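Working notes, structure below.
The values are calculated or read from the model by the stated rules, or taken from the named source; none is laboratory data. Computed from a predicted model, the values in this text were never measured in an experiment. Please note: Cβ atoms are built from the backbone with ideal geometry, for glycine as well, and neighbour counts cover all protein chains shown.
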């Protein structure tokens, strides 16, 4: 990059090791870097969430860690306040998802709206050429456009959370960790003496405290007890409020004669539907709000059937072979080649061709 | 990169003469001013001389000055101390909607404890109505607290008239003079002020020191109980170096005030005129005349203040939106809302607060870099619409 004006990159810093390394790598590559942490949550006012000041994401301690890393690397650092957008687009979405008997995925929403809309816009306002994050994913560019690829570290790959990205967003995004393993990233942070090199992995949902997401929801949704019923409409017990359960759950049902699994959440009748291991399997699913990154795949799915893709129906899902057919411009039917268990409405379904994310959507229901 | 500081209402650099005045008390004269032995003598003298200098700036007696750790402590001490001391006489406090959080949140706390608080509004210039103030007084009113000059807009309250009304009704009068002290003349001998808080770091002394004026005969419950320091009014071993610094800073402020005020108001005019000529759709907030000479509060329509400040910072220019104490919050400024500034405009507001080190070149640099930044940010919304969906 010698000769030209340095390209400016705004690096989204959560205060964890990955985004710290992202910043260090880009700095090393000669970019004009600016570190930015999004203040997502008013930690002073809320009683329930983020009682812990660290260990989640973007808490006050995490902001300090991010600032310390930026200082160490000699990079300007800012905190931008996005509390309003986060509360509306992520937290409300999350709560409403449970109210509607779904299993929402706030991390996808946070990426989609907070990072690649709100923060990207702020980056452009700072005359940045790119926004970078510490995601384990890769972006490739060819004549047919930008492609989103899995991270090289199959264990850490986070492409699932990024399926909503548009061509425009991909053209302005850098994922410097895509070619590294987590182990390599940590080692790199250690070599540079970054404060965050040993920091433990963030787990769970960042805005819910250690008490868990159900405790967070219980402050926002009134728990209404109701019946636990089988597919044959036989009542086996009582549930503690539907938001305490997710599809595929086995523990915590407190029923004799188990194991039983949660099959469905019937908010209309306030019933929890359960069954045996074998009842969990379905042939496919219907998804809506589709986003396609690979345009050729989209056209195939629109005009006929997109065969032999691998679909992931939750983040830690190994993936299953399926075919995808668009039923209109915005929805698709996904048929698994072999039955798959625990299709959870509200989660994302992401379509892969080997390492490439072709597109994805939100699960409406199982087929 | 050249660094330009336009945020003197947040804090000021410590004046060279002030550093010189405080250093002995961090080195050879490290004694405790309360000690009877040799080590305490010089520090004791330093504290009392500083008290004389602070009193001289405001034309009160030295015995009426209590040293504190900050403007916030002074406000807390004055408001809570007076309210607790007079709670048998009444429970009503009058303040304004445009106070600093040091006053607003102290009043809020007292409201939780059973006091009634009236918050007076202001006109579009940021001024309270003294008539309205008088009408708000009830037989239960024990305290009126009105800021001398506003930290965000620089607007100077009608303190003489307001304190006269308080006196007429036998109500104690406190003023948060943190922003006004050292910038405009304050003569306590002709004002009916009972309590007044100031802060060192807003007038070229370091952080961690302030003073509270308590008119002779005003009973206050102490905020900090402890030893016999400050005539039993404020416990804690004196911050001797800080106090010496505050004394020196007050001396310098008194000495240079006229010259400084002329310098700052000329720069401020240059800044406001320059921006108005180069950048369309801006408004200057606050009363055009009744203002501190150093403060310019400017609304840039269709622009987000936060991004504007980051862009300025990347050019080396330090400014702020609202007060530093509330930065990090996206709430629109309570001060600008009270002036009737629309929410969208208050989001695009920037406070430039000038000080000793600033020059015409600094101001010209700002006027030069500002138009393209604002233009780019204004063009960003439609540009971004393409990215968004």
Revision key, fill the gap. Restricted to segment A:167-179 and to residues being within 14 Å of another protein chain (Cβ to nearest Cβ) and without any contact (Cβ under 8 Å) to a residue 60 or more places away in the chain, the residue surrounded by the fewest Cβ atoms within 10 Å (Cβ to Cβ) is A:171
Review point. Would you say residue A:82 is in contact with a strand residue (DSSP E or B) (Cβ under 7 Å, 6 or more places away or on another chain) and either away from every other protein chain (no Cβ under 13 Å) or farther than 30 Å from residue A:240 by Cβ (or both)?
Key: yes
Exercise for review: Can you confirm whether segment B:20-33 contains a residue that is crowded, with 18+ Cβ neighbours inside 10 Å and within 22 Å of the chain's Cα centre (by Cα)?
Suggested key: no
Exercise for review: Give just the number: which of (1) outside the structural domain of residue B:64 (by TED's automatic domain parsing); (2) not in a strand (DSSP E or B) does residue B:283 not satisfy?
Suggested key: (2)
Revision key, fill the gap. Selection from segment A:137-157 of residues without any contact (Cβ under 8 Å) to a residue 24 or more places away in the chain and crowded, with 18+ Cβ neighbours inside 10 Å yields A:157
**Study point:** Flag for residue A:74 being assigned to a loop (DSSP other than H, G, I, E, B) and either more than 17 Å from the chain's Cα centre (by Cα) or farther than 15 Å from residue A:42 by Cβ (or both)
**Key:** yes
Practice item. Collect the residues in segment A:336-359 that are farther than 25 Å from residue A:149 by Cβ and assigned to a strand (DSSP E or B), keeping them in residue-number order. Key: A:338, A:339, A:341
Review point. Across segment A:250-273, what is the number of residues that are modelled with pLDDT under 90 and buried (at least 18 other Cβ atoms within 10 Å of the Cβ)?
Key: 1
Point to revise | Output for segment B:342-362, where each listed residue is modelled with pLDDT of 90 or more and either farther than 19 Å from residue B:309 by Cα or within 14 Å of chain A (Cβ to nearest Cβ) (or both) | key: B:356, B:357, B:359, B:360, B:361
Check your understanding: Out of (1) within 20 Å of the chain's Cα centre (by Cα); (2) closer than 21 Å to residue A:137 by Cα; (3) not in a loop (DSSP other than H, G, I, E, B), what's the single condition that is false for residue A:177?
Key -> (3)
Check your understanding: Would a scan of segment B:363-370 turn up a residue that is assigned to a helix (DSSP H, G or I), at pLDDT 95 or above, more than 14 Å from chain A (Cβ to nearest Cβ) and over 30 Å from residue B:16 (Cα atoms)?
Key -> yes
**Study point:** residue A:131, sole failed condition from (1) at pLDDT 90 or above; (2) within 27 Å of residue A:183 (Cα to Cα); (3) away from every other protein chain (no Cβ under 14 Å)
**Key:** (3)
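Which of the following residues is within 14 Å of chain B (Cβ to nearest Cβ), touching a residue at least 24 places away in the same chain (Cβ under 8 Å) and in a loop (DSSP other than H, G, I, E, B): A:164, A:118, A:196?
A:164
Can you list the strands (runs of 3 or more DSSP E) lying wholly within segment A:224-323 that have 1 or more residues being touching a residue at least 40 places away in the same chain (Cβ under 8 Å) and under 26 Å from residue A:99 (Cα atoms)?
Hits in segment A:224-323: A:226-230, A:261-266, A:271-275, A:281-292, A:306-312.
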Exercise for review: Tell me, yes or no, whether segment B:208-219 has at least one residue that is assigned by TED's automatic domain parsing to the domain that holds residue B:40 and free of Cβ contacts under 8 Å to residues at least 12 places away in the same chain.
Suggested key: yes
Review point. Restricting attention to segment A:36-46, does a residue exist that is at pLDDT 90 or above, part of a strand (DSSP E or B) and either more than 30 Å from residue A:287 (Cβ to Cβ) or away from chain B (no Cβ under 14 Å) (or both)?
Key: yes
Point to revise | Counted residues, segment A:180-193 - those being buried (at least 19 other Cβ atoms within 10 Å of the Cβ) and not in a helix (DSSP H, G or I) | key: 1
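Among the residues of segment A:1-19, which ones are in contact with a strand residue (DSSP E or B) (Cβ under 9 Å, 6 or more places away or on another chain) and in contact (Cβ under 8 Å) with a residue 60 or more places away in the chain?
Of everything in segment A:1-19, those that are in contact with a strand residue (DSSP E or B) (Cβ under 9 Å, 6 or more places away or on another chain) and in contact (Cβ under 8 Å) with a residue 60 or more places away in the chain turn out to be A:7, A:8, A:9, A:10, A:11, A:12, A:13, A:14, A:15, A:19.
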Practice item. Could you grab me the full set of residues in segment B:295-318 that are in contact (Cβ under 8 Å) with a residue 60 or more places away in the chain and within 14 Å of chain A (Cβ to nearest Cβ)? Key: B:300, B:302, B:303, B:304, B:307, B:308, B:311, B:312, B:315, B:316, B:317, B:318
Review point. Are any of the residues in segment B:147-155 surrounded by fewer than 20 Cβ atoms within 10 Å (Cβ to Cβ) and in contact with a strand residue (DSSP E or B) (Cβ under 7 Å, 6 or more places away or on another chain)?
Key: no
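Looking only at segment B:297-311, which residues are closer than 21 Å to residue B:124 by Cα and either in the same structural domain as residue B:126 (by TED's automatic domain parsing) or in contact with a strand residue (DSSP E or B) (Cβ under 8 Å, 6 or more places away or on another chain) (or both)?
Here is the first cut: in segment B:297-311, the residues closer than 21 Å to residue B:124 by Cα are B:297-302, B:305.
If the condition is that a residue be closer than 21 Å to residue B:124 by Cα and either in the same structural domain as residue B:126 (by TED's automatic domain parsing) or in contact with a strand residue (DSSP E or B) (Cβ under 8 Å, 6 or more places away or on another chain) (or both), then B:297, B:298, B:299, B:300, B:301, B:305 are the ones that fit.
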Study note, to complete from the structure: Counted residues in segment A:302-324 being buried (at least 18 other Cβ atoms within 10 Å of the Cβ), under 24 Å from the mean Cα position of the chain (by Cα) and over 16 Å from residue A:148 (Cβ atoms) come to 6
Practice item. Look through segment A:89-115, keep the residues that are without any contact (Cβ under 8 Å) to a residue 24 or more places away in the chain and under 21 Å from residue A:166 (Cβ atoms), and return whichever of them is nearest to the other protein chains (Cβ to nearest Cβ). Key: A:109
Point to revise | Filter pass, residue B:292 being within 11 Å of another protein chain (Cβ to nearest Cβ), buried (at least 21 other Cβ atoms within 10 Å of the Cβ) and touching a residue at least 24 places away in the same chain (Cβ under 8 Å) | key: no
